[in-house]
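Worksheet: the structure to be examined is printed underneath.
The values are calculated or read from the model by the stated rules, or taken from the named source; none is laboratory data. Quick caveat: nothing in here was measured; it's all calculated off a predicted structure. For neighbour counting, all protein chains shown are included, and Cβ atoms are generated from backbone atoms with ideal geometry for every residue, glycine included. To get the accessible areas, we keep the full protein, side chains included, count just its heavy atoms, and leave off ligands, DNA and RNA. Shrake-Rupley method; radii C 1.70, N 1.55, O 1.52, S 1.80 Å.
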Amino acid sequence: MRIQDLVFIGLNGRVAALDGATGEIVWEWQAPKGGSYVNLLVDDKLLIAAVMGYVYGLDPKSGDQLWFNEFKGYGVGVTSIATLGNSTSQLVVLQAAAADAAAAAAAATSS
């Protein structure tokens, strides 16, 4: 299956690749660290999944984890991802901003 035929979903520290024609799950992956919101960026060779500050490089065809960077000392939260190779959709940016605002509001009310 070609990467262009897949749809990638991130939710609750998990990533799934769906067959874009049928919606069937092709593969699933669970983040060993982190949970909650998953920010995704995909190109033809790499699927980057950022989960509460932990960043993982996945093979977009198989879901195999290729690398991990915990960004020690950076803190946790919604992660912004950018690359020159491909552009990030406006919807993803808006979703990340909304999740960050919700987290900030929750933190403010619990203080």
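Observations on the model:
- Among the residues listed as Leu91, Leu47, Leu58, the single one being over 13 Å from the mean Cα position of the chain (by Cα) and either open to solvent by less than 50 Å² (accessible area, probe 1.4 Å) or at pLDDT below 80 (or both): Leu91
- Residue within region 26-41 that is in contact with a helix residue (DSSP H, G or I) (Cβ under 7 Å, 6 or more places away or on another chain) and under 21 Å from Ala99 (Cβ atoms) present: yes
- Evaluation of Met52 against (1) among the hydrophobic types (A, V, I, L, M, F, W, C); (2) under 29 Å from Ala101 (Cα atoms); (3) in contact with a strand residue (DSSP E or B) (Cβ under 8 Å, 6 or more places away or on another chain); (4) at pLDDT below 95 (one fails), failing number: (3)
- Residue in region 5-24 that is open to solvent by 90 Å² or more (accessible area, probe 1.4 Å), part of a strand (DSSP E or B) and not hydroxyl-bearing (Ser, Thr, Tyr) present: yes
- Matching residues in region 58-86 - criterion: being in contact (Cβ under 8 Å) with a residue 12 or more places away in the chain, part of a strand (DSSP E or B) and over 19 Å from Val7 (Cβ atoms): Gln65, Leu66, Phe68, Asn69
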